[in-house]
Amino acid sequence: DAILAVDAVTGSRIWEYDRKLPASIRHHYSVAKRGLALYGDKIFTVTSDNAVVALDALTGKVAWETSRGTDGYVANTSGPIIANGILIAGGSCQNAPYGCYVTGHNITTGKELWRNEVIPHPDGEGDATWRGIPFANRWCTGIWGQIVYDPVQNLVHYGSSGICPASDFERGVAGMNATLAGTDTRWAVRPDTGEIVWRRQLLPQDNWDQECTFEMMVVDTAMHPNPNAEGMLAANPNIAERKVRTLVGIPCKNPVFWALDAQTGKFFYARETFHGAQNLYKSIDPVTGLASMNQEVVYDRPGKKISYCTSHSGGRDAHVAPAYDPARNIMIAATGNICTDET
């Protein structure tokens, strides 16, 4: 968890922060650090032992730190962000016997102000979609991707990943259409309170580690999706907006652009990067945006052989972020388009 400050003119070292980590860390995903947060005269990070730390940018000394849990299961790779004066951090729980969470912290003291878990508890909203899977077995889902803040609407946008184990058969819900609320879901949240303004599941019944946790961009654009465009999976026929604040991007490994109303989560369109780029979706309702998955590639029995696109390597993955050109209103993204045969 080393952080190094270097003189930009000479390249000489100014200071180094090197955290001493406990031996109780149980995950393997914190080695890759994809970002720090900068605000005022402080640098903010989430350490491999799940502490949020503020460093003095001039000296590297710890200004404050606060623990988010000491069981050793939670990692953070994308780093925290600052939204309306609140520090917000997600987490990866891919080795944890529970689902993960997003936390909001006081920027001056580090005090935790709110915590949003991604997996519903028994009798909570969405519990029925798990078809009786014990809560203790609802584990792994996290928010390890990039968090986006929209200062105009004062909304934080983030997405959750899939579930472990990946197979319907191993989960004991084969043939039960367990859509698994909270997994592969987009969330819009007030940064100061953690209030969930809207949520939308993009990929239910994830058997393929598609992890819809990557960033989506906020773009002001006219919205009139063409239902006949190549690769269009669903286009809302009731959309004819002169200009609307849109949340758009490839949020999952699956190579599908999604466009939603940033303020409400209303569905605009879902479009493959090219026709036939993936075979996981059976259909997407053009009005509601609710997706049904292709049961031919669901792991519902031992020994079943499937061929699916894209694999757990993507489509897109964490190593390549998209870009947006406002002059041409074009989004540019790199994808791997990797298919796989598995049993």
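Which whole-number percent is the relative contact order of the stretch 256-297 (Cα, under 8 Å, 6+ apart)?
29
Summary of the geometry: the stretch 123-145 and the stretch 268-285, compared by the centres of their Cα atoms, lie 25 Å apart.
Taking Cα centre as origin and charging only the Cβ of basic (Lys, Arg, +1) and acidic (Asp, Glu, -1) residues, the dipole magnitude of the chain rounds to 140 debye. One chain, two ends: A166 and K111. Fully extended at 0.36 nm per residue, the span grows by 16.3 nm beyond their Cα-Cα distance.
Scalar couplings 3J(HN,Hα) for the stretch 101-107, obtained by applying the Karplus form with A = 6.51, B = -1.76, C = 1.60 to θ = phi - 60°, are 7, 10, 10, x, 10, 5, 6 Hz; x denotes Gly and Pro.
As a length-normalised measure over Cα pairs under 8 Å and 6 or more apart, the relative contact order of the chain settles at 10 percent. Here the dipole of the stretch 15-93 is about 160 debye; that uses its Cα centre as origin and unit charges on the Cβ of Lys and Arg (positive) and Asp and Glu (negative). Please compare each pair in K33/K305; K266/K305; K243/K266; K266/K304 to a cut-off of 25 Å on the Cα-Cα distance and tell me which ones are over it. The answer is K33/K305; K266/K305; K266/K304.
Here, the stretch 1-85 yields an orientationally averaged convex hull projection of 6.0 nm² when only Cα atoms define the hull.
Principal axis analysis of the Cα atoms in the stretch 25-147 yields extents of 53, 29, 22 Å, listed in decreasing size.
The residues of the chain present an accessible area of 44 Å² per residue when probed at 1.4 Å with all protein chains retained. With a/c under 1.5 counting as rounded, go ahead and sort the stretch 219-328 into rounded, prolate or oblate using the C-alpha gyration tensor (a ≥ b ≥ c being the square roots of the eigenvalues; past the cut-off, prolate if a/b is larger than b/c, else oblate). It comes out prolate by the Cα gyration axes.
Taking 1 over the mean of 1/r across every pair of different Cα atoms in the chain, what Kirkwood radius in Å do you get?
20.9
Across the stretch 331-343, rounded Karplus estimates of 3J(HN,Hα) from the backbone phi angles (6.51 cos²θ - 1.76 cosθ + 1.60, θ = phi - 60°) give 9, 10, 9, 9, 10, x, 6, 9, 9, 8, 10, 9, 10 Hz, Gly and Pro being marked x. Working note: 222 nm ellipticity from helices only, DSSP H runs with n ≥ 4, each -39,500 (n - 2.57), summed and divided by the residues of the chain, gives 0 deg cm²/dmol to the nearest 500. Element breakdown for the stretch 238-343 at a 1.4 angstrom probe: carbon and sulfur atoms account for 50% of the accessible area. Using a probe radius of 1.4 angstrom, the carbon and sulfur fraction of the accessible surface of the stretch 91-206 is 52%. This model, with +1 at the C-beta of Lys and Arg and -1 at the C-beta of Asp and Glu, gives the stretch 123-220 a dipole about its Cα centre of some 160 debye. Seen through its C-alpha gyration tensor, with square-root eigenvalues sorted a ≥ b ≥ c, the stretch 228-283 comes out prolate because a/c lies at 1.5 or above while a/b is bigger than b/c. With contacts taken as Cα pairs under 8 Å at a separation of at least 6 residues, the stretch 207-343 carries a relative contact order of 22 percent. Peptides 51-57, 127-133, 226-232 ranked from most to least packed, by the mean per-residue count of other Cβ atoms within 10 Å: 51-57, 127-133, 226-232. Note that the stretch 254-262 has calculated 3J(HN,Hα) couplings of 4, x, 10, 6, 10, 10, 10, 5, 5 Hz, one per residue in order, obtained from phi through the Karplus relation 6.51 cos²θ - 1.76 cosθ + 1.60 (θ = phi - 60°); glycine and proline are x. Round to a whole angstrom and tell me the spacing of the C-alpha centers of the stretch 287-343 and the stretch 46-75. First find each Cα centre; the distance between them is then 34 Å.
The values are calculated or read from the model by the stated rules, or taken from the named source; none is laboratory data. Note that the coordinates shown come from a computational prediction; the quantities given were computed from them, not determined experimentally. Heads up, the Cβs are rebuilt from the backbone with ideal geometry, glycines too, and the neighbour counts pull from every protein chain shown. Heads up: the accessible areas ignore ligands, DNA and RNA and are worked out on the full protein's heavy atoms, side chains in. Shrake-Rupley method; radii C 1.70, N 1.55, O 1.52, S 1.80 Å.
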